[in-house]
1. Based on this model, can you work out whether GLY227 counts as touching a His at 6+ places or on another chain (Cβ under 9 Å) and touching a residue at least 12 places away in the same chain (Cβ under 8 Å)?
2. Can you say whether GLY57 is modelled with pLDDT of 90 or more and within 23 Å of VAL155 (Cα to Cα), as far as the supplied structure shows?
3. For the structure I just gave you, tell me whether VAL137 is surrounded by 20 or more Cβ atoms within 10 Å (Cβ to Cβ) and more than 23 Å from GLY279 (Cβ to Cβ).
4. May I ask you to verify whether SER37 is modelled with pLDDT under 95 and either among the charged types (D, E, K, R) or under 17 Å from VAL195 (Cα atoms) (or both)?
5. Counting just the residues of region 207-253 that are aromatic (Phe, Trp, Tyr) and surrounded by 20 or more Cβ atoms within 10 Å (Cβ to Cβ), which one comes out nearest to PHE285 (Cα to Cα)?
6. Out of the residues in region 254-298 that are of a type in the set (Val, Ile, Thr) and farther than 23 Å from ARG211 by Cα, which is surrounded by the fewest Cβ atoms within 10 Å (Cβ to Cβ)?
7. Give me the helices (runs of 4 or more DSSP H) completely within region 188-293, filtered to those with at least 3 residues that are out of contact with any Pro (no Cβ under 8 Å at 6 or more places or on another chain) and modelled with pLDDT of 85 or more, ordered by residue number.
Amino acid sequence: MNSVVLNESLSQASLLVIFASMLVFTAAFLVSGWHLSKAASKKVKEVKASSALERVGLSLAVIATLVLAAGVIMRGIAAARVPWSNLYEYSITGALILMMIFLISIRVPEVRILATFVVGFVLLVLGTAVSLFYVEVQSLMPALQSFWLVIHVLVALTATAFFSIAAALSTAYLLKTANWVEKAKTKGVANFKRVMGIFPKKETLEQLAYRFNIVGFILWSFTLIAGAIWAERAWHRYWGWDTKEVWTFIIWTIYAGYLHANATRGWTGKRAVWLGLVGFAAVVFNFTIVNMFFKGLHVYSGL
């Protein structure tokens, strides 16, 4: 096997570019939040100004995504492989894929208004990645040296991106229908109620979350199947009750239950929304806690 030359200086430059993208994402987050406050105003002039702020916020999000893409590509070149073999690389690549899917989805006005939620979550992911998950570039362990790394992990990250947008829609649903918002008495909560009032109807939020979860579930099903095939190639068995295998199946089961209950049992409203969020919590747990604190053949945090 040919030795792989790792470029640590390029990796450090990649990290600086990731930090730069975070600065632009922060600006996008603040402008998007400002847009929401203006759009919820009772003053006509401020409502008109909100349209310009929305365009600026989305433009900043596009620029930040391009900068992030540059950082991810630089990391891959520095490591001479695809940049998703440890928890840091999972995180930065996952954040990039999430933003790409979100920016493609903003053609739907009901999705566009989620910019503050999605950009805020991406900032959280990137902040955690650079502060807690960062590791120097490393060569791949033998079990990961397969084309299945590209297929299996990329599809898993894409599924997670769809689950993330569905979770943002579900969170908006819960905030819009929360009793403490409906019964607002204080000025601060009343202002928040006006902000949530510009979001789509709760039925629309729920339907959109359901559709994004369907796509995520289909991709996650492929992730489960591809993982089993890769496991047979690497360890000569399709299933071994490894920690990561078990949690991947748990996530699949939760979302399968969510979709089944919604389609056949008439589970709608808060029950369905909460079940979808439980599935997303399991996804986050799988990508963070399982990778960091559990042992197994699939744990590749790099920490």
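The values are calculated or read from the model by the stated rules, or taken from the named source; none is laboratory data. The model shown is predicted, which means the values in this text are computed figures rather than measured ones. All Cβ positions, even for glycine, are placed from backbone atoms using ideal geometry, and neighbour counts span all protein chains on display.
1. Spelling it out, GLY227 is indeed touching a His at 6+ places or on another chain (Cβ under 9 Å) and touching a residue at least 12 places away in the same chain (Cβ under 8 Å).
2. Here the answer is no, as GLY57 does not meet what is asked.
3. So VAL137 passes the test.
4. yes
5. It comes out as TRP247.
6. Out of the qualifying residues, it is ILE289.
7. 202-235, 243-264, 270-287
Matching residues to (1) in contact (Cβ under 8 Å) with a residue 12 or more places away in the chain; (2) closer than 24 Å to ALA167 by Cα; (3) crowded, with 22+ Cβ neighbours inside 10 Å:
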site	(1), (2), (3)
LYS43	no, no, no
ALA80	yes, no, no
TYR90	yes, yes, yes
VAL118	yes, yes, yes
